[in-house]
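Notes follow the structure.
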Amino acid sequence: KAHSASFAVESYQSLYLKAYYPIPFILSVMNNFGGFYDTWYYLLEARRLGAQVEAPDVNRSKWLSTLHSPNIIVLGFIHIKGLEAHIAQHIEREREKNGSFVSFADFIMRTSCPSEQAELLIRVGAFRYIQPNRCRLMWELAITSDLGQQRPSSLFLSELPQSWIPNIEDDTQEAHREQWDLLGFPLVSPFSFVGKNCTRCIMSSEMPKAVGRHVCITGWLVCTKYTHTVHGQPMAFGTWVDSTGNTFDSVHFPDVLQRHLFRGRTVYHLCGRVHEEFGVQVLEVTGMEIIPMNGRGSQIPQPATYQNECIR
């Protein structure tokens, strides 16, 4: 009884915070690295609630993610793969002691950040308010690194000859891919990386009107749950997000699961029949394939029967 009462109190407290302080609540769940879903899904929920999510920033980020103004979440350094904790802590201490960094040169002089760590910060876009062109920053980093042990003065760094740095335009799509690789999740819609559009697909909001029909839908895989039928055969349930940010569920019975396996968290093209139970719609999948994404892998071949399922 005591255990049940404790959970009841915590549930009501969580519901109160989610209802009246939704964005700080989601941020706390993220920073606690708890909950059922991955960080990306909590960020999606924060956006649904009106939050603006930004990549780590050398002048605003701390180790954990923080809330700036009522609705701006700035991701923490902890999310950058390969960034060492003591480097992040040193950046934060230096910033608190001597103020914000005014240039890349200023950052290098004040932190003595190793080149490989500075490169991670450049690639993730952490200097975007100082210098948005990541290509220029990589050239500046290369020049300072080539000087070896002789650290240049701040005056020299601020007066690098323009002829030393080529004028290269940054690739926005490539910048988003870099962020995805370093953070482990995209900060833009994953559907913006999809190499083809489905003209016959419906959205999850249209599923109530499609009950009993065979439809196709494009979804980003959120999570899966595997279980067994009464006969011991493996089956699965899936939770997805469509391109509008709304969620829908799917069921994969044994015969379909054998032919169409889950191949990781990415964008899929699903076909199946819409069923409804207790007012909730679910897609009973008959065919599924990965959609090729620009620069992030190729389409995995599926059995020939998939095409027949799509056009049924």
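Rounded to the nearest 20 debye, the dipole size of the chain about its Cα centre is 520 debye, using +1 on the Cβ of Lys and Arg and -1 on the Cβ of Asp and Glu.
Taking springs between alpha-carbon atoms closer than 10 angstrom, which of Gly279, Gly76, Gly287 fluctuates most in the Gaussian network model of the chain? Judging by the Gaussian network model, the answer is Gly279. Taking all Cα-Cα distances within the chain, those exceeding 23 Å account for 66%. By the Kirkwood approach, averaging reciprocal distances over each pair of separate Cα atoms, the stretch 1-90 gets a hydrodynamic radius of 14.3 Å.
When you restrict to C-alpha pairs under 8 Å that are six or more residues apart and normalise by the size of the chain, the relative contact order lands at 11 percent.
Dipole size of the stretch 248-294 about its Cα centre, with +1 on Lys/Arg Cβ and -1 on Asp/Glu Cβ: approximately 260 debye, rounded to the nearest 20. Distance between the 7 Å Cα→Cβ label points at Thr229 and Glu284: 1.2 nm. Put simply, the amide H of Met235, placed in the peptide plane, has neighbours under 5 Å in Thr227, His228, Thr229, leaving out anything fewer than 5 places away on its chain.
Sequence-ordered 3J(HN,Hα) estimates for the stretch 233-245 from the Karplus curve with 6.51, -1.76 and 1.60 and θ = phi - 60° stand at 7, x, 9, 8, 10, x, 10, 9, 10, 8, 5, 8, x Hz, glycine and proline given as x. Shape call for the stretch 186-233 from the C-alpha gyration tensor, a ≥ b ≥ c root eigenvalues: rounded (a/c under 1.5), prolate (a/b greater than b/c) or oblate? Since a/c reaches 1.5 but b/c is at least a/b, the shape of the stretch 186-233 is classed as oblate.
The alpha-carbon of Lys225 sits under 26 angstrom from the alpha-carbons of these lysines, leaving out residues fewer than 8 places away in its chain: Lys18.
Modelled label-to-label distance, Phe262 and Thr244, 7 Å Cα→beta-carbon offset: nm? Output for this residue pair reads 2.5 nm. Solvent-accessible surface of the chain, averaged per residue with a 1.4 angstrom probe and all protein chains in place: 54 square angstrom.
Maximal additional length on extending the Val188-Ile78 stretch stands at 37.7 nm, based on 0.36 nm per residue less the C-alpha distance. Among Glu284, Glu94, Glu206, the largest mean-square fluctuation in a Gaussian network model of the chain (Cα springs under 10 Å) belongs to Glu206. Per DSSP H run of at least 4 residues, take -39500 (n - 2.57); add these up for the chain, divide by its residues and hand me the 222 nm value, nearest 500 deg cm²/dmol. Result for the chain: -11000 deg cm²/dmol, rounded to the nearest 500.
A cut-off under 10 angstrom between Cβ atoms defines the neighbours of Leu221, and their net charge, with Lys, Arg +1 and Asp, Glu -1, is +2.
Remark: the stretch 248-257, residue by residue, has Karplus-estimated 3J(HN,Hα) of 8, 10, 9, 10, 10, 6, x, 5, 6, 4 Hz, where x stands for each Gly or Pro and the curve is 6.51 cos²θ - 1.76 cosθ + 1.60 at θ = phi - 60°. Taking each residue as 0.36 nm, the span from Phe253 to Ile143 lengthens on full extension beyond its C-alpha to C-alpha distance by 33.8 nm. Distance between the pseudo-spin-label points of Asn71 and Tyr37 (7 Å out from Cα toward the beta carbon): 1.9 nm. What is the P(r) of the stretch 1-52, as percent of Cα-Cα pairs per 10 Å bin from 0? Percent of pairs per bin, in order: 24, 48, 22, 5, 0. Surface composition of the chain: carbon and sulfur make up 53 percent of the accessible area, probe 1.4 Å.
Cross-link reach is defined here as a Cα-Cα straight distance under 21 Å, omitting same-chain residues fewer than 8 places apart; for Lys81 the lysines meeting it are Lys62.
The values are calculated or read from the model by the stated rules, or taken from the named source; none is laboratory data. Everything numeric in this text was worked out from a predicted model, so none of it was measured. Cβ: placed from backbone, ideal geometry, glycine included. Neighbour counts: every protein chain shown. Only protein heavy atoms, including side chains, enter the accessible area calculation; ligands, DNA and RNA are left aside. Shrake-Rupley method; radii C 1.70, N 1.55, O 1.52, S 1.80 Å.
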